[in-house]
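Visitor: There's a structure below that I have some questions on.
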């Protein structure tokens, strides 16, 4: 399938100006995704939270808006999540609130 074996996606600081493609939600072997410090806009695709092996998600420093997908808070594998520097609304899942300093 579409880059089905991809485990690490690093595209930080590339001046990417688009929405996060929903097709990234199909990367079932993805362990880390870093799309930080770009000019990404729109919302975070709900399916990102369904990625079964995702341990780290870096989306800080973009222009993302909308609410944080609830599935990000219930993904048991996800250990690191940085969404700072965006225009996101809503509250974090209780799992992340308990883990924040």
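Visitor: Could you list, ordered by first residue, the pairs with Cβ atoms under 7 Å in which the first is in the stretch 67-92 and over 15 Å from residue 50 (Cα atoms) and the second is assigned to a loop (DSSP other than H, G, I, E, B) and modelled with pLDDT under 95, at least 6 apart or interchain?
Guide: 67/90; 83/68; 88/68; 90/68; 92/68
Visitor: Here's a follow-up. Residues in the stretch 47-58: is at least one surrounded by fewer than 20 Cβ atoms within 10 Å (Cβ to Cβ) and on the phi > 0 side of the Ramachandran plot?
Guide: Within the stretch 47-58, none of the residues are surrounded by fewer than 20 Cβ atoms within 10 Å (Cβ to Cβ) and on the phi > 0 side of the Ramachandran plot.
Visitor: Give the residue, chosen from 16, 30, 78, that is in contact with a helix residue (DSSP H, G or I) (Cβ under 8 Å, 6 or more places away or on another chain), in a loop (DSSP other than H, G, I, E, B) and modelled with pLDDT of 95 or more.
Guide: 30
Visitor: How many residues are modelled with pLDDT of 85 or more and either in contact with a strand residue (DSSP E or B) (Cβ under 9 Å, 6 or more places away or on another chain) or at positive phi (or both) if we restrict to the stretch 81-101?
Guide: Of the residues in the stretch 81-101, 8 are modelled with pLDDT of 85 or more and either in contact with a strand residue (DSSP E or B) (Cβ under 9 Å, 6 or more places away or on another chain) or at positive phi (or both).
Visitor: A follow-up question, please. Evaluate the following for residue 57: is it modelled with pLDDT of 85 or more, closer than 17 Å to residue 29 by Cα and not in a strand (DSSP E or B)?
Guide: no
Visitor: Taking the stretch 33-46 only, how many residues are surrounded by fewer than 16 Cβ atoms within 10 Å (Cβ to Cβ) and either touching a residue at least 60 places away in the same chain (Cβ under 8 Å) or part of a loop (DSSP other than H, G, I, E, B) (or both)?
Guide: 2
The values are calculated or read from the model by the stated rules, or taken from the named source; none is laboratory data. None of the values given here were measured: they were computed from a predicted structure. Neighbour counts run over all protein chains shown; Cβ positions are idealised from the backbone, glycine included.
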